[in-house]
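The structure appears right after this line, and notes come after that.
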Amino acid sequence: MSTPYAAFGRTDQKGRTRAALVRAARDLVARGVSPTVEQAAAAAAVSRTTAYRYFPSQRALLAAAHPETDTASMLGEAPPEDPAARLDRVVAAVTDMIVETEPQQRTMLRLSLDAEPDTGVGALPLRQGRATAWITEALEELRVQLGDAELDRLVLAIRSAIGIEALVWLTDVGGLSRTEAVELMRWSARSLLQAALTTGPPSATAAPAASAVETAGPEESAE
């Protein structure tokens, strides 16, 4: 693997140049633009050739500019011991971040949906499982009680209820305000945890239930 351009020679100056490009990209995304490397370079007063040395593609630029790239944990200082309280703290932090950085989140979601699956190198943040790692950290003490597979499925269920995808649906389709959407996402996370502790998450080998259309007669099929 080649050494990144910013990792050798005049590293301080290169670090400032890279940071300027990232700031410019974030500012453009916040205004609803999906910036190209050329646009970020112009906004940062950096030559196009230099910008491409740091970010060879738009995807690499946006991955670096995404607000959650360097966030390792959402539990904060002195996290509670109770799994439910830990989960609620993480979900509150995640949903607040999503609302605060909604333009960036929507841009990354659109690119993730439009692009071909990544091979791993330079993958977009929405495909790197950061939120699932934060949720897993909150619920780690339940691993013994639930088991590895069951905890993993619970984490996936919670992630599906609290991400940018959920916010887009609840606001654009459901018609909720951002505040209402956040409250509903937090309620969903708490409810999923309670259900898992009471009845357990669905088994990984369980057959999906037949849909109403599959089980109903022709005259009973739902439209």
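Looking at the structure I just gave you, is E77 in the same structural domain as T136 (by TED's automatic domain parsing) and surrounded by fewer than 16 Cβ atoms within 10 Å (Cβ to Cβ)? Here the answer is no, as E77 does not meet what is asked. Inspection of the stretch 201-215 finds a residue satisfying the criterion of being within 30 Å of T101 (Cβ to Cβ) and modelled with pLDDT under 95.
Scanning the stretch 69-95 for residues that are under 24 Å from L111 (Cα atoms), without any contact (Cβ under 8 Å) to a residue 12 or more places away in the chain and assigned to a helix (DSSP H, G or I) gives no hits. Filtering the stretch 87-128 to residues that are buried (at least 16 other Cβ atoms within 10 Å of the Cβ) and at pLDDT below 55 leaves A123, L124, P125, L126. Looking only at residues that are assigned to a helix (DSSP H, G or I) and in contact with a Lys or Arg (Cβ under 9 Å, 6 or more places away or on another chain) in the stretch 54-68, which one is nearest to Q104 (Cα to Cα)? For the stretch 54-68, the residue satisfying everything is A65. For S2, the conditions (1) modelled with pLDDT of 85 or more; (2) of a type in the set (S, T, N, Q); (3) more than 24 Å from Q104 (Cα to Cα) are fulfilled apart from (1).
Summed over the stretch 141-179, residues that are over 15 Å from the mean Cα position of the chain (by Cα), under 15 Å from A92 (Cβ atoms) and without any contact (Cβ under 8 Å) to a residue 60 or more places away in the chain total 1.
The values are calculated or read from the model by the stated rules, or taken from the named source; none is laboratory data. Values in this document were obtained by computation on a predicted structure and should not be read as measured data. Ideal geometry is used to build each Cβ from the backbone, glycine not excepted, and the neighbour counts take in all protein chains shown.
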